Amino acid sequence: MLMTLTATTEDAGARIDSFLAAHLDGVTRSAAQRLLEGGLVVCEGKTLAKNYRLRGDETLSVTLPEAVETEVAAQNIPLDVVYEDEDVIVVNKPVGMVVHPAPGHSDGTLVNALLYHCGDSLSGVGGEKRPGIVHRIDRDTSGLIIAAKNDAAHLFLASQLSDHTLSRTYECLVVGHLREDSGTVNAPIGRHPVDRKKMAVTAKNSRDAVTHWEVITRYPGVTHVRCRLETGRTHQIRVHMAYIGHPILGDTVYGAKKPVPGLTGQCLHAVGLRFIHPRTGEAVELHCELPEEFENQLRKRQNKI
């Protein structure tokens with residue numbers, strides 16, 4: 001599959017592997033490096049090295065290899081399937097489940113479960129047969145996540161993610177009291193300058209990030225908030241809420257280091273998902289209930305009022 005990407009002035013100075021990973025859905029930075037090492041990324045008739053830095057005016061031709069069978073094992077892990085047809089599947093992911101296999105999490109992931117559940121009907125975008133995960137949810141965040149079952153659906157949904165027509169709504173409990181009833185955080189997010197495992201609001205090597213929020217209910221010490229993502233940066237809601245002084249309850253990375261009794265992860269749940277179906281062209285709108293741990297935290301606060 002041949003794809004064409006155009007770098008703009010905003011991309012000037014960025015590493016080519018990072019650029020490819022950001023603009024080719026389903027392609028990680030390591031996978032982008034393999035494409036570069038294989039001579040599959042061409043600009044002005046020349047193949048590019050993986051440490052190439054963009055000028056900001058390039059047109060890139062990228063050849064994505066034919067899909068091969070993945071080495072990730074299919075595992076019979078129960079899934080809470082909210083929606084499924086021949087093109088897409090939407091799962092209510094529990095807290096603690098990692099989406100993609102990674103060092104330290106080689107199995108037990110959502111991808112392992114989907115490989116078993118979906119069988120041979122899978123997207124091959126990125127060079128290997130696997131579920132076409134369209135967007136990601138942190139390990140300790142729960143809620144709706146969509147995956148494609150074929151390449152056409154994967155590319156169609158990825159384009160919606162890019163142009164912000166794939167809508168994702170979250171609910172969270174944040175520490176403290178938000179004075180306003182609603183607002184927008186428009187602050188770029190990039191890798192933390194010191195702690196490379198974290199993200200941060202920063203002007204350096206960052207990308208635009210926009211989160212819209214509104215208060216649902218105020219409780220003593222915490223506020224129940226609904227967030228809608230306009231962009232989809234890593235840890236976006238967690239970083240943005242901490243940035244405005246209201247980290248998410250239970251987030252030991254961007255908030256208090258001490259865990260909250262009764263919470264396995266942070267109190268953040270993807271409650272809503274809206275997308276245009278890749279085959280029918282019709283809008284699909286899905287919702288799921290809050291997990292029990294989240295509901296328990298709400299009940300504790302309600303009893304204190």
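The values are calculated or read from the model by the stated rules, or taken from the named source; none is laboratory data. Note that the coordinates shown come from a computational prediction; the quantities given were computed from them, not determined experimentally. All Cβ positions, glycine included, derive from the backbone under ideal geometry; neighbour counts span all protein chains shown. To get the accessible areas, we keep the full protein, side chains included, count just its heavy atoms, and leave off ligands, DNA and RNA. Shrake-Rupley method; radii C 1.70, N 1.55, O 1.52, S 1.80 Å.
Structural remarks
- Boolean, Thr63 is within 24 Å of the chain's Cα centre (by Cα), of a type in the set (Ser, Thr, Tyr) and farther than 30 Å from His117 by Cβ: no
- Selected residue (criterion: nearest to Arg168 (Cα to Cα)) from residues of the stretch 235-260 that are buried (at least 16 other Cβ atoms within 10 Å of the Cβ) and among the small types (Gly, Ala, Ser): Ala242
- Identity of the residue in the stretch 179-192, open to solvent by 40 Å² or more (accessible area, probe 1.4 Å) and within 21 Å of Asp138 (Cβ to Cβ), that ends up modelled with the highest pLDDT: Pro188
- Hits in the stretch 261-299 (condition: open to solvent by less than 90 Å² (accessible area, probe 1.4 Å), in contact (Cβ under 8 Å) with a residue 24 or more places away in the chain and either more than 24 Å from the chain's Cα centre (by Cα) or over 21 Å from Val174 (Cα atoms) (or both)): Gly262, Leu273, Phe275, Ile276, His277, Pro278, Val284, Leu286, Asn296, Gln297, Leu298
- Here the condition is being in contact with a Lys or Arg (Cβ under 7 Å, 6 or more places away or on another chain) and on the phi < 0 side of the Ramachandran plot; of Ala21, Ala7, Ala32, Ala74, it holds for Ala21 alone.
- The requirement of being in contact (Cβ under 8 Å) with a residue 40 or more places away in the chain, within 15 Å of the chain's Cα centre (by Cα) and open to solvent by less than 50 Å² (accessible area, probe 1.4 Å) is satisfied by His154.
- Hey, Arg34 open to solvent by 60 Å² or more (accessible area, probe 1.4 Å), charged (D, E, K, R), closer than 22 Å to Met1 by Cβ and in contact with a helix residue (DSSP H, G or I) (Cβ under 7 Å, 6 or more places away or on another chain) or not: no
- Hey, Lys197 within 20 Å of the chain's Cα centre (by Cα), at pLDDT below 95 and either of a type in the set (D, E, K, R) or in a strand (DSSP E or B) (or both) or not: yes
- Residue selected from the stretch 79-122 under the condition open to solvent by 60 Å² or more (accessible area, probe 1.4 Å) and assigned to a loop (DSSP other than H, G, I, E, B), by the criterion farthest from Leu268 (Cα to Cα): Asp120
- Within the stretch 193-213, the set of residues being open to solvent by less than 20 Å² (accessible area, probe 1.4 Å) and over 22 Å from Gly13 (Cβ atoms) comprises Val210, Thr211.
- Of the residues examined, Asp140 is one that is open to solvent by 30 Å² or more (accessible area, probe 1.4 Å), modelled with pLDDT of 85 or more, of a type in the set (Asp, Glu) and under 20 Å from Asp80 (Cβ atoms).
- Of all the criteria given as (1) within 20 Å of His287 (Cα to Cα); (2) at pLDDT 90 or above; (3) under 14 Å from the mean Cα position of the chain (by Cα); (4) part of a loop (DSSP other than H, G, I, E, B), the one not satisfied by His135 is (2).
- Residues satisfying the stated conditions in the stretch 4-31, i.e. outside any helix (DSSP H, G or I) and open to solvent by 50 Å² or more (accessible area, probe 1.4 Å): Thr4, Thr6, Thr8, Ala12, Arg15, Thr28
- Single unsatisfied condition, Thr63 versus (1) in contact with a Ser or Thr (Cβ under 9 Å, 6 or more places away or on another chain); (2) loosely packed, with under 15 Cβ neighbours inside 10 Å; (3) touching a residue at least 24 places away in the same chain (Cβ under 8 Å): (1)
- Total residues in the stretch 214-234, condition outside any strand (DSSP E or B) and surrounded by fewer than 19 Cβ atoms within 10 Å (Cβ to Cβ): 6
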